Each structure stands twice: as C-alpha cells, then as structure tokens.
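As structure tokens, the structure follows; a few thoughts come after it.
The values are calculated or read from the model by the stated rules, or taken from the named source; none is laboratory data. Only a predicted model underlies this, so the values are computations on that prediction, with no experimental measurement involved. Here the Cβ positions follow ideal geometry from the backbone for every residue, glycine too, while neighbour counts run over all protein chains shown. The area values use the complete protein model at the heavy-atom level, side chains included, leaving out ligands, DNA and RNA. Shrake-Rupley method; radii C 1.70, N 1.55, O 1.52, S 1.80 Å.
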Amino acid sequence: MGTIVNDTDSTESKSNNLTNNNNDKSRETEDLYSDKIRDGQWFWNTNTEQIFSQDQIVAVGHASAKSVVPLELLRYIYLQPHDRIYDPKTHTISYLQTRTYLPVKSLPPREKKRVLVTGGAGFVGSHLVDRLMLMGHEVIVIDNFFTGCKNNVGHWIGHPNFELIRHDVVDPFLIEVDQIYHLACPASPPHYQYNPIKTVKTSVMGTINMLGLAKRVKAQVYGDPEEHPQAETYWGNVNPIGPRACYDEGKRVAETLTYAYMNQDCVDVRVARIFNTFGPRMNANDGRVVSNFIMQALKGEDLTIYGDGLQTRSFQYVHDLVDGLILLMNADYKEPINLGNPDEYTIREFAELIISEVNSSCKIKTLPAPKDDPKKRRPDIKRAEQILGWKPRWPVKQGIGETVTYFQRQLEAGLM
Ligand SMILES: O=c1ccn([C@@H]2O[C@H](COP(=O)(O)OP(=O)(O)O[C@H]3OC[C@@H](O)[C@H](O)[C@H]3O)[C@@H](O)[C@H]2O)c(=O)[nH]1
C-alpha cells in the first residue's frame, strides 16, 4: 500500500478542507505549497491507493493507471498564476521569464508515452494535460484557441516534455505519438451554435483526421433522451435539424467513424461519452449553467433559469472525468463508456445549491427555454464501474466549492 508523502509534517492547515470557501485559509495553504514546490519537496506515488484522509479527498487518480497525484499539487497549478504578477492598481500584468516548472515523475523510456491531446488548452483538456505531465509523459497539445485558452497550459510552456501547437483539427496533422486524446470541440451551446457548420466539421473532419493519424500511428449522442438513465445501449433521440444538431449529430457521426475505422482498419479506439462536467478553468463566459450560476452569484446578480427549471442534469467534477479518461485509454475495451455522475438535480435545485453555497442574497429569474433543450440527463455508469473500476468520487457540493474558489481567484487576478 503506497502512501502520498509530503516532506513537511502534515498539519491540519495543510489538509484540503474542500468545503471551506475561506479564501484566506486556502491562500495560506497555497503559500505552503509554493515553498514545498520551490524546494522540490514533493514525493508521491502515482500508484498509491491513498485517496482519502479523514474523509477528505487528498489525491486524485487510480493506482491501476498510475495516475495518482496529490490534490494540493493540482490546486496549486490552477489556483495560483505562476508566470505572471497582476497589479490591481495599474491593471497591468508582469510576466516572469525565469520560473521553476512543477515536478514531474521521471519514467523509464518503456513507460514514457508521447501523448497528443487535441483541445488540450480547453477546460477538460488542460486538466488532462496537467495529469499526464505530472505522471511523467510527453504531451503535445494542438488547439485552435476558439474556446481554449493559452493560460490554461501556460505553466508547462517551455518544459522539455511539453509542446503547444496552434492547429485546427479540421486540417490534417501528422506527428509520431503513442496515444491520442481527441477532445477538441466547442462544448457549450452558445459556442457550438455560434458556427454550426464549423462545429459539425470539427466533429467530423477532426475525428477523421485523428482516426487517420491513429491508423497511421496504430459524446452528446443521446440528445433529448426517452430512456432514463441513459445506458450505452440506448440509441438516443436527436432532432437532426434543430439548433443542437450540429453538436449532437456531429458527435454521433464521430462515433460512427470511430467504429468504422476500428472495424475496417483495425484502429485501436476508445469512446468516452462525457456527461455534463464542471470545475476550475471552465470558461466563465461560455454560457453553461455551472459557470453562469457561479459567476452570477459571485457578482450578486439574479441566477438565470431557462424554462421552468424542472429539467434535470447530472454534474461530474473534472478530476473524476480525467481519472476516467486515463483509465479508459489504458484499458483494453472498445465499446462506448459513459463517464458522468448519476447524482441528478433539477436546474432549480442546482440554482438553490449555488445560492446557498455562494451568495444567499441572490434571486432567481426565468428566461425562455432553448429549443430542443434536453428535459433530463443522467448517466447509467454500471459499465464504467464494472469495466474500469471507476465511479465519481467528488460530491457536487465539494466540486462547487473548488470551482467557486477558482472563479474568485480569477476575478481577483483580473483574469476575467
Ligand atoms: O444560465 C443558464 C444556462 C443553462 N441553463 C439550463 O441548464 C441546463 C444545462 O445547460 P448547459 O448549457 O450547462 O449544458 P447542456 O446540458 O445544454 O449540455 C451542453 O453543455 C455541456 C456539454 O457537456 C453538453 O455536451 C452540451 O450539450 C439546460 O437545461 C439549460 O437550458 C439555465 O437554466 N441557465
């Protein structure tokens, strides 16, 4: 049984009190991180099983995928800008030239993989990049920065194991790699409806290009479901000409292409069906419900419910999703797998949770429901549990606490 070992004595103040939104305390803890990281005092086992301590999550990852990383190291990455100093008086940012990179595992050549992450500067992609880098792999990110943000991976730029390339997956891309995580696609309705043709192209051409690359180098598929919860065997219910079709049908064609390449050209594929995901590095303005509600609450504005608020969603925290993606990539399983948190909320219940967690003085206002808005969504995750030994660890409330802290820091740092 490995343990997560940090060289400093484990004081209470170090323990991640995830329910505590007290900025001062987490800032005090972060200062502690800075010293430890600067002095190279970080030792951890990527294959330890110790994820919880006194019922608090202290690490993420799975020993079976050697993906375990201390949570405080990840928090340090996304809660504290490392390469810049913001001056609120002059509203200027000074960028630092010399900085130490975070410690990464040193892997033997046979274990070190070259991993391509498309959309790696995006919300989910950048967390996957952090984890793969800390695990000691070589990571190449391609991103067209339509929704991705260079700041999300800025702390790795210049690192010997990292490359960032501005490239749109709709154009072919040739590179020698061992694994490809294809995450490039605008995921929020306002973004993917901004240019529907481009959204379809990203799903279709992007997937063709990545499958072609995989061959060289060896998701919203359920729509407005009539089956609830949605198992991977459910075929879905999608309006092929509605405003969401560019995304939903694009994902369906992407899956069709994926299995065509598997059956026709023996490409070694994996398909994750990702349910609503939230966490730090969400784009504050991407229009999705989690970022909208948190930002509205932080600014003291009314929370905007579309429709009657009785529609349901199930929200997974980003660290759980990254765990699942890495487990799936390294498992020998080719069928689609749902990755999501079956903890279902009506949007109205979710608004009330955000108000109670962030700002009890906020009110709720309703706006018209978007066309074809799915009335319910909850994943059946039995397959992920049985095949991957994966299920979400993060209660929604703890994830909200982490995300609120992130948005507060971004606001303080003048980054939004
Ligand atoms: O401010 C808001 C935003 C959204 N909503 C509602 O909240 C629900 C969730 O909306 P979101 O835009 O967050 O996400 P959706 O469920 O529509 O899924 C979309 O974004 C998340 C991606 O994972 C999905 O693939 C994509 O379809 C919807 O019913 C929406 O109408 C509000 O009530 N208020």
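Some observations on this one:
- Alpha-carbon spread of the range 344-416, three principal axes, descending order, Å: 43, 33, 22
- Accessible-area order (highest first, 1.4 angstrom probe) of the listed residues 360, 126: 360, 126
- Rounded to the nearest 0.05, the FRET efficiency derived from the C-beta distance between residue 353 and residue 412 at R0 = 25 Å is 0.60.
- The apolar share of the surface of the chain, taken as the fraction of accessible area on carbon and sulfur atoms (1.4 Å probe, ligands and nucleic acids excluded), comes to 50 percent.
- Under 14 Å from the residue 335 label point (7 Å along Cα→beta-carbon), backbone N, the range 227-258: 231-235
- Placing pseudo-labels 7 Å out from each Cα toward the beta carbon at residue 234 and residue 171 gives an inter-label distance of 4.0 nm.
- Heavy-atom accessible area ranking, 1.4 Å probe, most first, across 320, 343, 268, 55: 55, 268, 343, 320
- Using a cut-off of 31 Å between Cα atoms, the listed pairs 150/299; 198/363; 150/382; 66/215; 201/376 include 198/363; 150/382 as exceeding that distance.
- Solvent-accessible area of residue 312 with every protein chain in place, 1.4 Å probe, in Å² to the nearest 10: 20 Å²
- Pair-distance distribution P(r) for the chain, from all Cα-Cα distances in 20 Å bins starting at 0: 26, 61, 13, 0 percent.
- Among the GluC sites (Glu not before Pro) in the range 138-188, those located in a DSSP loop and surrounded by at most 12 other Cβ atoms within 10 Å of their own Cβ are 176.
- Accessible area (Å², per residue) of the chain, counting only protein heavy atoms and a probe of 1.4 Å: 44 Å²
- Residue by residue, the range 173-186 carries 3J(HN,Hα) couplings of 9, 10, 6, 8, 9, 9, 9, 10, 9, 9, 10, 6, 4, x Hz when phi is fed to the Karplus relation 6.51 cos²θ - 1.76 cosθ + 1.60 (θ = phi - 60°); x denotes Gly or Pro.
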